[in-house]
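Written below as structure tokens is the structure these notes are about.
The values are calculated or read from the model by the stated rules, or taken from the named source; none is laboratory data. These numbers were taken from a predicted model, which means no experiment stands behind them. Neighbour counts run over all protein chains shown; Cβ positions are idealised from the backbone, glycine included. Ligands, DNA and RNA are excluded from the accessible area calculation, which covers all protein heavy atoms including side chains. Shrake-Rupley method; radii C 1.70, N 1.55, O 1.52, S 1.80 Å.
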There are 2 protein chains.
Amino acid sequence: MNGEKCTATGRRESRRQDRRETIVIAASRHFLDHGYSGTTMSAIAATLGGSKGTLWSYFPSKEELFTAVIDHASTAFRAQLSEILDLSGDLPTALRCFSLKLLEKVTSPDAIALNRLVTAEAGRFPEAGRIFFDRAPWQTVVLLAEFLSGVMERGQLRRDNPVEAAQTFMHLCVSRLQQQCLLGLIPEVTAGQREREVERAVPLFLRAYAPDGAGGRLSG
Amino acid sequence: MNGEKCTATGRRESRRQDRRETIVIAASRHFLDHGYSGTTMSAIAATLGGSKGTLWSYFPSKEELFTAVIDHASTAFRAQLSEILDLSGDLPTALRCFSLKLLEKVTSPDAIALNRLVTAEAGRFPEAGRIFFDRAPWQTVVLLAEFLSGVMERGQLRRDNPVEAAQTFMHLCVSRLQQQCLLGLIPEVTAGQREREVERAVPLFLRAYAPDGAGGRLSG
DNA sequence: TAATTACCGTACCATAGAGTACGATTTTCC
DNA sequence: GGAAAATCGTACTCTATGGTACGGTAATTA
């Protein structure tokens with residue numbers, strides 16, 4: 001059919017895919033835990049149990065393995081975010097629910113480590129930043145923007161660019177705690193901190209985007 | 001007087017201070033440009049022109065030099081921010097002026113590089129994150145919070161925790177473009193982008209913190 | 001079953017870079 | 001002017017690590 005021999009090349013090809021993913025996952029752990037230069041190919045090979053030759057037969061260089069890891073981790077991160085937006089209930093409840101889940105994901109140790117990793121290497125690996133952004137934050141923005149667009153349509157929020165509104169809301173929720181985590185000022189975020197942050201951000205957002213002429217009246 | 005021989009130890013001590021600063025500045029360039037592990041002590045020594053022994057006589061290890069660099073760069077960064085808050089004019093103007101200058105600083109290549117550096121190494125150098133935060137962002141928050149506190153006092157803004165309000169305002173202004181820069185999605189920020197961002201953030205902030213019962217009436 | 005392909009183990013290479021040693025030279029202090 | 005401290009230049013050690021080579025072995029395919 002294609003240039004390949006056949007689509008069902010059998011066990012060989014399938015095993016190769018599995019093995020590749022195993023390698024990427026093991027490598028992810030190392031890169032997330034120790035950063036780019038703190039990760040050694042030898043250590044990854046040791047974790048895998050196999051030999052170094054095998055590792056190099058899958059990824060001919062550390063760079064390629066790294067971008068594969070970013071790709072994989074970003075995709076995995078996005079997958080977790082799919083079921084985040086629950087449209088039932090009223091607007092403040094939906095926003096609170098959404099932002100709480102978002103905060104959980106974003107401040108998790110792995111997410112922080114991924115963010116650090118991508119940010120740190122964005123200079124050397126420009127495509128890593130792009131891959132991460134497209135897969136993780138941007139997907140979430142799009143999701144939320146669609147929701148907000150409908151809400152604006154129904155007059156529950158002032159009409160405005162829904163994508164910008166979505167970004168604003170996300171940064172309003174996330175930036176403060178995320179900064180603290182990224183700088184290592186707090187080792188781990190508690191549920192209480194997250195809730196407090198949500199209770200600060202959601203009302204602010206609702207005020208800022210209240211329909212014109214709504215005055216101080218805000219539901220929730 | 002103290003444990004030292006004298007306060008005016010003369011040229012020797014003064015030269016030593018100068019030399020130390022020269023080293024830190026040269027090292028800053030390297031660390032900001034190439035990250036922690038991408039920077040080599042030998043390269044710094046080469047830049048300085050002197051010998052490696054001299055470099056080690058000032059900083060006994062790469063780690064110590066690194067924290068000195070973070071300290072110095074953060075302090076320099078904060079110094080630039082001192083004259084940022086111009087209280088003349090009405091509230092929206094003051095906020096616009098402030099946020100525009102803040103954005104300029106924060107999205108400058110050096111600031112982005114510093115942020116990347118600190119974030120990346122915050123795991124290995126916990127104190128680096130702390131030093132940076134205390135010197136740079138926090139100082140700005142405190143400055144702005146004092147200003148906002150007065151504004152709230154005069155009833156121009158709704159009464160609320162001024163520190164949280166300051167942080168909210170700063171993240172509202174900065175987070176979007178800063179994220180783009182940190183991820184390497186845009187090489188350099190234009191004046192137009194900054195202005196657009198300010199025109200988005202300031203009205204949002206004013207709505208969110210409008211005095212109770214002020215309805216849709218906002219000055220500016 | 002025979003050929004191919006993947007994998008293992010291990011030893012190895014080349015380079016880089018942090019940190020040291022040391023004698024010669026300059027600068028500062030008294 | 002002479003002692004003391006700082007600096008210089010250079011050569012060196014030691015370790016880490018990305019990447020290679022290669023012969024033997026297990027799995028897959030035809």
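Ligands, DNA and RNA left out, the 1.4 Å accessible surface of chain B is 50% carbon and sulfur atoms.
Take region B:11-60 with all the other protein chains still there, run a 1.4 Å probe, and you get 61 Å² of accessible area per residue. Please tell me the relative contact order of chain B in percent, rounded to the nearest whole number, where contacts are Cα pairs under 8 Å and at least six residues apart. Relative CO of chain B lands at 20 percent.
Across all C-alpha atoms in region B:102-220, the radius of gyration and Dmax reach 16.2, 50 Å. Peptide B:177-188 has a mean shielding of 5, counted as Cβ atoms of other protein chains within 10 Å of each residue's Cβ. For every helix of n ≥ 4 consecutive DSSP H residues, a contribution of -39,500 (n - 2.57) applies; sum these over chain A, divide by its total residues, and give [θ] at 222 nm rounded to the nearest 500 deg cm²/dmol. My calculation for chain A gives -23000 deg cm²/dmol from helical runs alone.
How large is log10 I(q)/I(0) at q = 0.15, 0.20 Å⁻¹ when the Debye formula is applied to the Cα atoms of region B:148-207, each weighted equally and without solvent? Scattering profile of region B:148-207, log10 relative to I(0): -0.53, -0.78.
Per the Debye calculation on chain B with a single equal scatterer at every Cα and no solvent contribution, log₁₀ I(q)/I(0) for q = 0.08, 0.11 Å⁻¹ amounts to -0.39, -0.66.
Peptide B:99-109 is shielded by partner chain Cβ atoms: per residue, an average of 0 of them sit within 10 Å of its Cβ. The candidates B:THR22, B:THR67, arranged from most to least accessible area with a 1.4 Å probe in the full protein assembly, appear as B:THR22, B:THR67.
Dipole size in debye (nearest 20) for chain A around its Cα centre, Lys and Arg Cβ +1, Asp and Glu Cβ -1?
380 debye
What residues of region B:118-140 lose no less than 50 Å² of accessible area with every protein chain in place versus their chain by itself (probe 1.4 Å, heavy atoms only)? Flagged in region B:118-140: B:THR119, B:PHE133.
Taking the longest Cα principal axis of chain A as reference, the axis of helix A:126-135 is set at about 50 degrees. Does region B:11-60 classify as rounded, prolate or oblate by the C-alpha gyration tensor (a ≥ b ≥ c root eigenvalues; a/c under 1.5 gives rounded; else a/b over b/c gives prolate, otherwise oblate)? It is prolate, given that a/c is not under 1.5 and a/b is the larger ratio. The residues neighbouring B:LEU55, those whose beta-carbon lies less than 12 Å from its own, together hold a net charge of +3 under the Lys/Arg +1, Asp/Glu -1 convention.
Report the calculated FRET efficiency for A:SER108 and B:GLN17 (r = Cβ-Cβ distance, R0 = 41 Å), to the nearest 0.05.
Efficiency at R0 = 41 Å is approximately 0.40.
Counting only other chain Cβ atoms within 10 Å of each residue's Cβ, the peptide A:162-171 averages 3. In plain terms, the bigger the Kirkwood radius, the slower the diffusion; for region B:1-117, with that radius from Cα pairs, at 37 °C and 0.692 mPa s, Stokes-Einstein puts D at 197 µm²/s.
Convex hull volume per residue, computed on the Cα atoms of the protein assembly as shown, equals 211 Å³.
Distances between copies of A:LEU87, taken at a point 7 Å out from Cα along the Cα→Cβ vector and listed shortest first: 5.0 nm.
With label points defined 7 Å past Cα in the direction of Cβ, position A:GLN17 shows copy-to-copy spacings of 6.8 nm, given to one decimal and shortest first. Centroid-to-centroid, using Cα positions, region B:108-163 and region A:93-164 are 22 Å apart. Listed peptides A:194-201, B:57-64 appear in the order A:194-201, B:57-64 once ranked by packing, highest mean of other Cβ atoms within 10 Å at the front.
Rounded to the nearest 100, the interface formed by chains A and B buries 3200 square angstrom of accessible surface, both chains summed, with a 1.4 Å probe. A label point on A:GLU153, set 7 Å along the Cα-to-Cβ line, lies at 4.9 nm from each of its counterparts in the other copies, closest listed first.
Put A:CYS173, A:CYS97 in order of accessible area, highest first, and with a 1.4 Å probe you get A:CYS97, A:CYS173.
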